[in-house]
Amino acid sequence: MQLTQMQCLIVEDMDALRKIMAEQLRQLGFGQVLQADCGRQALDMLQRMHIDLLLLDWSMPDGHGQELLESLRQQDKWQDLPIIIVTANAHRSLVEVAMKYGVLDIIAKPFNSKTLQARVLQALTRRHKRTQVTPSSAMAAKIDATATTETAPALNVVLVVDDMPDNLAFMAGLLNDDYKVLFAKDGKAGLKICQSATPPDVVLLDVMMPEMDGHQVLQALRTEPRSAEIPVIFVSALGEVEHHLQGLRGGAIDYLTKPVQPEILKLKLANVLAQVQRQRALQQECDELLRLAQLKDNADSIISHDLKNPLATISALAQKLAQDKNFPKEWLSKINLVDELALQSINTVNLTSEVLRIEAGQYALDAEWFSVHEMLKQLLQAAQVNFHSKQLVAYLSPDEDPCSSFDVMGDPKLCHPMLFNLIKNAFEAARPKTKVAISLSRHEGDVLIAIENTGAVPADIREQFWEKYVTQGKAEGLGIGTYAARLFALAQKGEANLVVDDAKLLTRVEIRLPAAIDAVVAE
């Protein structure tokens with residue numbers, strides 16, 4: 001298949017970057033480049049269209065790229081879909097995930113057009129060898145060039161600006177083995193290279209040149225954003241102190257006097273370039289952290305306005321219709337299902353939103369007195385309706401709490417999704433026609449909530465039971481329910497424990513929360 005016959009999908013939440021990437025891939029030769037700004041939109045497009053290559057941003061406001069990746073790989077039709085991850089935060093665990101799910105490549109942000117096109121072509125080259133997909137003849141030449149130029153580590157680029165041919169020849173002989181060396185015979189030519197799409201990593205700049213001397217070149221570099229950060233080392237025959245000071249005050253990082261000692265020049269270059277690499281890595285990390293921080297700051301308002309409120313309205317309307325005496329009985333089960341799905345979606349939104357807040361250190365417990373018995377009672381009734389086909393015997397012990405013995409001091413907004421997910425897990429795991437038992441008791445100033453079901457948690461996931469993305473037997477499970485439950489319990493000064501009885505084939509999840517009466521007395 002030719003590149004011109006291939007369809008590529010870019011999943012990236014940043015509008016400007018997504019459009020730039022799309023244009024770069026069109027220039028590369030792709031027949032059609034589609035765009036999605038979130039995982040949900042990407043899934044919808046994948047369902048409706050044939051996609052030959054997916055470029056996936058790893059961090060998006062509506063969900064982690066891993067969630068979309070795992071979802072795709074769980075379905076047969078997308079198991080072999082070529083995927084390239086684009087990320088600003090490459091790390092070892094990401095590489096491990098990429099290998100696990102057969103990702104073609106990881107492209108680190110920021111990148112230029114040449115890097116994106118080269119990495120895409122290189123990834124497709126490996127893919128082509130297995131699937132016999134072939135690019136156009138022009139693109140094949142680019143692929144061959146990429147394969148030969150990209151295999152070796154890229155050399156740092158050093159630009160030498162000097163009007164004397166002998167000096168240029170000397171620098172070439174000295175530096176060519178370790179660096180990619182560019183040459184400019186005057187200041188204007190040097191500026192053009194520095195302000196191009198592929199600027200050098202460092203400039204060795206002569207001072208005495210016709211038309212535009214080194215100090216003027218340096219000033220021009222520093223006033224142009226594209227070249228303002230390029231390190232400059234003056235190399236000049238002017239050795240007086242005032243010349244050194246003038247160069248350093250102008251923004252040069254060093255000043256060497258001709259004739260240059262080769263070993264000193266090499267050491268200074270190595271030190272400068274090491275600092276350049278550290279600065280780039282630090283800048284990328286800082287930029288990404290700032291972007292994520294901004295996303296997290298906006299997450300609550302976005303989720304509340306765009307998701308939770310409409311879902312709550314859908315749930316309320318569904319309940320109102322179900323209670324209407326004129327509503328057709330044959331549609332009652334369907335409208336109840338709409339209500340159930342809306343409530344589940346609200347729970348998922350609450351879950352992910354609160355997890356983000358706690359992980360970011362933005363959550364502060366404002367504990368209040370409430371009845372966890374009443375909350376469990378309502379959740380159990382809802383679960384019995386949702387799982388009625390399994391014919392489970394489910395009960396809460398004790399039936400009532402007239403003395404408020406099981407009131408707790410906590411956050412209802414955390415407790416509700418925490419208990420909802422744990423009860424839902426118990427009902428899902430329990431074998432048909434068995435039991436789910438929920439009990440409340442008092443232990444050392446805490447209320448102990450125990451949720452027990454038949455069936456033992458598999459031994460191979462018990463140690464990771466409370467960790468993120470651990471799930472088994474759920475094709476659509478995200479693996480954050482139990483992780484969030486423990487996180488929410490700890491955030492309320494409580495505990496979460498797992499007890500498995502292999503002899504009786506029982507699983508028991510225990511949550512401890514501060515008892516309201518004891519907490520008030522202690523204060």
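The values are calculated or read from the model by the stated rules, or taken from the named source; none is laboratory data. This structure is a prediction, so every number in the text was calculated from the model and none was measured. Every residue, glycine among them, receives a Cβ derived from its backbone with ideal geometry; neighbour counts consider all protein chains shown.
So Cys8 ticks every box in (1) buried (at least 16 other Cβ atoms within 10 Å of the Cβ); (2) more than 20 Å from Lys114 (Cβ to Cβ) but one. Which box is left unticked?
Condition (2) is where Cys8 drops out.
Each row is one residue, and each column tells you yes or no for (1) exposed (fewer than 12 other Cβ atoms within 10 Å of the Cβ); (2) without any contact (Cβ under 8 Å) to a residue 12 or more places away in the chain; (3) among the basic types (Lys, Arg); (4) closer than 16 Å to Glu452 by Cα.
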position: Met375; (1), (2), (3), (4): no, no, no, no
position: Ala383; (1), (2), (3), (4): no, no, no, yes
position: Val393; (1), (2), (3), (4): yes, no, no, yes
position: Pro402; (1), (2), (3), (4): yes, yes, no, no
position: Phe406; (1), (2), (3), (4): no, no, no, no
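Need the failing condition index for Gly65 against (1) over 20 Å from the mean Cα position of the chain (by Cα); (2) buried (at least 19 other Cβ atoms within 10 Å of the Cβ), just the number.
Going through the list (1) over 20 Å from the mean Cα position of the chain (by Cα); (2) buried (at least 19 other Cβ atoms within 10 Å of the Cβ), Gly65 breaks only (1).
Would you check if Gln47 is at pLDDT 90 or above, out of contact with any Pro (no Cβ under 9 Å at 6 or more places or on another chain) and not in a helix (DSSP H, G or I)?
Against the criterion (at pLDDT 90 or above, out of contact with any Pro (no Cβ under 9 Å at 6 or more places or on another chain) and not in a helix (DSSP H, G or I)), Gln47 does not qualify.
May I ask you to list the residues in segment 59-77 that are under 29 Å from Ala118 (Cβ atoms), modelled with pLDDT of 85 or more and either hydrophobic (A, V, I, L, M, F, W, C) or not in a helix (DSSP H, G or I) (or both)?
Of everything in segment 59-77, those that are under 29 Å from Ala118 (Cβ atoms), modelled with pLDDT of 85 or more and either hydrophobic (A, V, I, L, M, F, W, C) or not in a helix (DSSP H, G or I) (or both) turn out to be Leu68, Leu69, Leu72.
Matching residues to (1) part of a loop (DSSP other than H, G, I, E, B); (2) surrounded by 13 or more Cβ atoms within 10 Å (Cβ to Cβ); (3) at pLDDT 95 or above; (4) under 33 Å from the mean Cα position of the chain (by Cα):
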{"position": "Ile451", "(1), (2), (3), (4)": "no, yes, yes, no"}
{"position": "Glu463", "(1), (2), (3), (4)": "yes, no, no, yes"}
{"position": "Glu467", "(1), (2), (3), (4)": "yes, yes, no, yes"}
{"position": "Thr471", "(1), (2), (3), (4)": "yes, yes, no, yes"}
{"position": "Tyr483", "(1), (2), (3), (4)": "no, yes, no, yes"}
{"position": "Leu487", "(1), (2), (3), (4)": "no, yes, no, yes"}
{"position": "Val521", "(1), (2), (3), (4)": "no, no, no, no"}
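Please enumerate the residues belonging to segment 430-444 that are touching a residue at least 40 places away in the same chain (Cβ under 8 Å), over 18 Å from Cys415 (Cα atoms) and more than 39 Å from the chain's Cα centre (by Cα).
Lys433, Thr434, Lys435, His443
Considering only helices (runs of 4 or more DSSP H) fully contained in segment 174-249, which possess at least 1 residues that are acidic (Asp, Glu) and farther than 27 Å from Ala154 by Cβ?
Result: 241-249.
Take the residues of segment 409-449 that are crowded, with 19+ Cβ neighbours inside 10 Å and of a type in the set (Asp, Glu): which is nearest to Ala515 (Cα to Cα)?
Per the criteria, the residue is Asp446.
Residues of segment 239-263 being exposed (fewer than 13 other Cβ atoms within 10 Å of the Cβ) and in contact with a strand residue (DSSP E or B) (Cβ under 7 Å, 6 or more places away or on another chain), which ones?
Gly239
What number of residues within segment 105-126 are hydroxyl-bearing (Ser, Thr, Tyr) and at pLDDT 80 or above?
Count: 0.
Among the residues of segment 5-44, which ones are in a strand (DSSP E or B) and touching a Lys or Arg at 6+ places or on another chain (Cβ under 6 Å)?
Ile10, Val33, Gln35
Looking only at segment 421-471, which residues are hydrophobic (A, V, I, L, M, F, W, C) and closer than 17 Å to His373 by Cβ?
Result: Leu422, Ile423, Val436, Ala437, Ile438, Leu440, Val447, Leu448, Ile449, Ala450, Ile451.
Could you tell me which of the residues Pro398, Pro412, Pro417 is more than 18 Å from Val509 (Cα to Cα) and not basic (Lys, Arg)?
Residue meeting the stated conditions: Pro412.
If you go through segment 44-55 one residue at a time, how many are closer than 20 Å to Leu17 by Cα and either surrounded by fewer than 20 Cβ atoms within 10 Å (Cβ to Cβ) or of a type in the set (S, T, N, Q) (or both)?
So the count comes out to 1.
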